[in-house]
Amino acid sequence: MSEKSSTNKPLRVENIRKVELHRHLELSIRHSTIRELAPLFGIEIPNDKVFAERFLIDQPMNDLGSVLNKFLDTQLLLSSEETLERIAYEACVDAFKEGVLILELRYAPTFIRYRHDHLSFDKIHLAIVRGVERAEKDFPIAVGLTCIIQRILPVKEAEKVTEFAIEHRNTFISLDLADNEEGFDSKPFSPFFMKAKKAGLGITVHAGEINTPKAPTYVKDAVEFLGATRIGHGVQVYRDPAMIEYVKKHNLTLELCPTSNYLTQAIPGTIEDHPFRQLYYAGIRTTINTDDPGIFNTDMNKEYLILRDKFNFRAAEFEKCNDYAASASFISLEKKQSVWPREILQI
């Protein structure tokens, strides 16, 4: 007898203790905070319609590039150390209220500094760390920070970001490569990721997200040239049985983001077309994530509701996804185990 029929009540996803590996800090800003800050930058928000037009993606976009361009209004607000500390704190608190006990936040120092030349990488990072540490004192949540290299910027910028991440490896847990995959090969970044890995940073790479026939091979490049053990999205491997076997053979963890993939049309069609269930059944280490909860108007409970209501996920399956995520998290075992209710196994 199923859980639902045995109790006559649907599974309450808000009660599930969760792990999230893939949440971008810059686009996790509370809507109330956006409404407060936007007028200071000449962006008036007279009603909800204008707010949605400027700051939300709630309908499928034409392509990932269009989505990335819409991030810029939010980016404009990231103009001070006080704001960065505040959004870091609020992002952690919001995640905790969604049931997240182990949280990895990622951000690109080059993205935040864009149009904010007065903010150095150090000022940005220290402000974010202050916000995270304050949240960890106030709530039983373990948080780790990932540094992002933007693949659309010159390789010289990637070198600077890598050195910065290595210098701050006491407060960064990993290095990531993000932004549009189309036309931006990951291989030139190989030396930086190999250096970061040697320095002890974990490696997660945005790969296999974009809806293109070549996308599954981008996952292989991320592993073989960048040393990735986790893949941001990686959803396109569903197209290729050989790549599904490759992902399993290399014990890769996929950071899947259903709402994001639907809204960017990484997976064309409706949310029901997402291959999360297919990848889970294939034996891949599937994890549940929000990606950009502020701009995509989602949160972890909404993602869980999608899996519960559209794909009939049950408690044991959610538990398995969270076990995968807890095991794969780059946060130290001691730190994450201190907040997690069951033993974290290396699976």
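Beyond 22 Å, what percent of the Cα pairs of segment 114-223 remain? In whole percent, the long-distance tail amounts to 39.
Summary of the geometry: segment 202-276 and segment 170-186, compared by the centres of their Cα atoms, lie 14 Å apart.
FRET efficiency for the pair Ile347 and Glu44, taken as 1/(1 + (r/R0)^6) with r the Cβ-Cβ distance and R0 = 51 Å, rounds to 0.50. How long are the semi-axes of the equivalent ellipsoid of the chain, taking √(5λ) for every eigenvalue λ of the Cα gyration tensor, in whole Å from largest down? Taking √(5λ) for each Cα gyration eigenvalue gives 28, 24, 21 Å. Simple spin-label estimate for Asn15 and Ala199 gives 4.5 nm between the two label positions (7 Å along the Cα-to-Cβ direction from each Cα).
The order of Arg115, Arg54, going from fewest to most other C-beta atoms within 10 Å of their C-beta, is Arg115, Arg54. Between Thr270 and Asp185, the simple spin-label model (points 7 angstrom out along Cα→Cβ) gives 4.1 nm.
For Lys302 and Gln278, calculate 0.36 nm times their separation in residues minus their Cα-Cα distance, and state this gained length in nm to one decimal.
6.7 nm
Taking the number of Cβ atoms within 10 Å of each Cβ as an exposure proxy, the fewest-first ranking of Val132, Val93, Val50 is Val50, Val93, Val132.
Quick one: if the Förster radius is 30 Å, what FRET efficiency do Arg30 and Asp309 give, using the C-beta to C-beta distance and rounding to 0.05? Computed FRET efficiency for Arg30 and Asp309 comes out at 0.75.
Ranking of Ser327, Ser338 by neighbouring Cβ atoms within 10 Å, starting from the fewest: Ser338, Ser327.
Every number here is computed from the coordinates shown, using simple stated rules; none is lab data. These numbers come from a predicted model, not from an experiment. Here the Cβ is made from the backbone with ideal geometry for all residues, glycine too, and neighbour counts use every protein chain on show.
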